[in-house]
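The values are calculated or read from the model by the stated rules, or taken from the named source; none is laboratory data. None of these values were measured; they are calculated from a predicted model. Glycine gets a Cβ as well: all are built from the backbone with ideal geometry, and neighbour counts include every protein chain shown. Note: accessible area is taken over every heavy atom of the protein model, side chains too, but ligands, DNA and RNA are not part of it. Shrake-Rupley method; radii C 1.70, N 1.55, O 1.52, S 1.80 Å.
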Amino acid sequence: MSDQEPRSLKATFAAAEEKRLSLENSPPSPADYADTVSAAIKLYQSCLSKISLLSLFSSNEGIEDLNTNDLPYLLVNYHLAELIQKIPSPTPSPAERKRILAQAREAYERYLHLLDSYEGLLNPTYKKLLERYTDSPTDFSVVSSASDPNARRNAKIANFKAEKELRQKLAYLRQRPEYAAADLELDDDESISQSRGGGGGGGSTGDEELVRSVHLAHLDLCTHLTFQALESLNRELEVLNMAPREPASLPSAQLRNNQAGNDGGAQDDLRRRQGGGAADRDYSDRLDMPFSRLQGILGGSGPILSKEGRPLRPFTLTGTRQEIAKGVFRPGHNLPTMSIDEYLEEERRRGGIIEGGGEASWKAGEKDPNDEDDYDKLDAETMKARAWDEFVEANPKGSGNTLNRG
C-alpha cells in the first residue's frame, strides 16, 4: 500500500499498536522519543475518526452484537490516554503538565463511558467505581475511606492481587495454541468479508469464543488500570496545585513603565544589573565569585573598598592601636581574669554556693549522750529508776505464780 492510499481501520490500528509496543519493549533514543509518541497518538486519533465514520459502536447494541474482531478497537481511547501522559514537554511547567493530564483524563473517561454503554462489559465493582468517579472526578480514589491508612493499605494489596490475577489469566489464554490459530482464522475471515463487502466473518465457534474471552480479559485488565491511573492523576494534580505560580511575562515597555515608579536607588540598581556603566562592570548576580576576585580575597591583597564604597573583600573591624599593641605579646590562650578566691567570693555573693549540709550538719542538732551537764537527761533516768524500784516492791518475786503453790 502506498502512502497516498487511505489505510483501513485494521491497518491503522495495527500500525498504532506497533508504535506503542515499540515504546514499551525497546524505547527509542531521546531524540526520536517525542516523534514516536506523536506518531502513535496521530495513528490512534486516526482510528477514532475511522471508528466514528463507520459507526462501529452504538449505544443501542448489546455486547452480543459486538463482533469479536471489533473488541480491540474499544481500547483505542485507553491507549491514547497512556500515550498522552508520555508526551515530553519542550518547556516543562505545572500549567503545561496540567493541560496534558486534562487530555489524558478526557480519553480515560471516553473509554469508560464507551464500555458502560454496553451491558456486561463492566462488572458491578467497576460500575460502582465509575459512579463514584462521576460524582467527584477530582477527589476520586479507589479506596472509599482515603483517610484510613489501614484501609488504604488493604485496598492497595487487594488491587495488586486483582491486577496480578488478571494478567495471569490473560497470559494463560494467550499461551493456548488454539488462540493463535483462531486469531489468524478470524483475521482471514474478516479480510474475505471486507473484500466481499460483508459485515463480519464466520469461523469456528469454539475458536472464536477463545479469542473473544482473550479480548474481554484484556478489557477487564485495562479497566482495572484505568481507575488506578485516574487516582494517580488526582494525586499528581494535588502536587501541581501546590507548585508556586509562574510570574506573568510582561512586555518590555510595560516593564520600563513599572520601573519608572521606583525610587532612585532601585533605578541605579537596575542600571547596574543591566551593565549600564563602565565602573560597574564587575557587578554580577552570581552567588559564586569570579576566580580572579576569589584569588584576591584568599591572598589578602588589594584594596578593601572600591571607589564607590563597595566592599571588595571581607574585613574585620578592630579597636584602637593601643588595644592591638597590647595583644601582640599575649599567649595564644585566654588568661584568667580573677583568682579562685575572688571567683568563690563572687559565687557566694550571687547565692551560687550552699553552705552547711553533710553529716556534720545532720548531727548538729543531736546532744552528746555522755554529757554530764545535761540535767534533763539525768532527771529522766532517776525517775525511771525510782519507778522500777516501786514496781519491784509492789510485786515481789513469785507473787504472780499461783499454779505451783503448795
For A158, indicate whether it is farther than 24 Å from T226 by Cβ and modelled with pLDDT under 90.
no
Residue list for the stretch 83-115, filter: open to solvent by 60 Å² or more (accessible area, probe 1.4 Å) and acidic (D, E):
E106
Among the numbered conditions (1) closer than 27 Å to K42 by Cα; (2) open to solvent by 90 Å² or more (accessible area, probe 1.4 Å), tell me where N150 comes up short.
(1)
Would you check if K42 is open to solvent by 70 Å² or more (accessible area, probe 1.4 Å), closer than 28 Å to L240 by Cβ, without any contact (Cβ under 8 Å) to a residue 24 or more places away in the chain and assigned to a helix (DSSP H, G or I)?
yes
Counting only residues that are of a type in the set (D, E) and modelled with pLDDT of 85 or more, how many does the stretch 33-63 have?
1
Quick one: which residue in S29, S58, S8 is open to solvent by less than 60 Å² (accessible area, probe 1.4 Å), of a type outside the set (A, V, I, L, M, F, W, C) and within 37 Å of the chain's Cα centre (by Cα)?
S29
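Examine the stretch 94-110 for a residue that is more than 20 Å from K156 (Cα to Cα), part of a loop (DSSP other than H, G, I, E, B) and either free of Cβ contacts under 8 Å to residues at least 60 places away in the same chain or more than 20 Å from the chain's Cα centre (by Cα) (or both), and state whether such a residue exists. Explain how you work it out, then say what you get.
From the stretch 94-110, those more than 20 Å from K156 (Cα to Cα) are 94-110; that's our starting set.
After this cut, where a residue has to be part of a loop (DSSP other than H, G, I, E, B) as well, the list is none.
Within the stretch 94-110, none of the residues are more than 20 Å from K156 (Cα to Cα), part of a loop (DSSP other than H, G, I, E, B) and either free of Cβ contacts under 8 Å to residues at least 60 places away in the same chain or more than 20 Å from the chain's Cα centre (by Cα) (or both).
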Just to be sure before I move on: is K86 under 26 Å from S144 (Cα atoms) and either among the aromatic types (F, W, Y) or out of contact with any His (no Cβ under 7 Å at 6 or more places or on another chain) (or both) in the structure I sent?
no
Identify all residues within the stretch 128-147 that are surrounded by fewer than 14 Cβ atoms within 10 Å (Cβ to Cβ) and of a type in the set (D, E, K, R); write none if there are none.
K128, E131, D135, D139
Name, by its number, the condition in (1) at pLDDT below 70; (2) assigned to a loop (DSSP other than H, G, I, E, B) that does not hold for T138.
(1)
Looking at the stretch 209-224, which of its residues are aliphatic (A, V, I, L, M) and open to solvent by 40 Å² or more (accessible area, probe 1.4 Å)?
L216
Just checking, does the stretch 62-73 include any residue being touching a Ser or Thr at 6+ places or on another chain (Cβ under 9 Å), in a helix (DSSP H, G or I) and surrounded by fewer than 21 Cβ atoms within 10 Å (Cβ to Cβ)?
yes
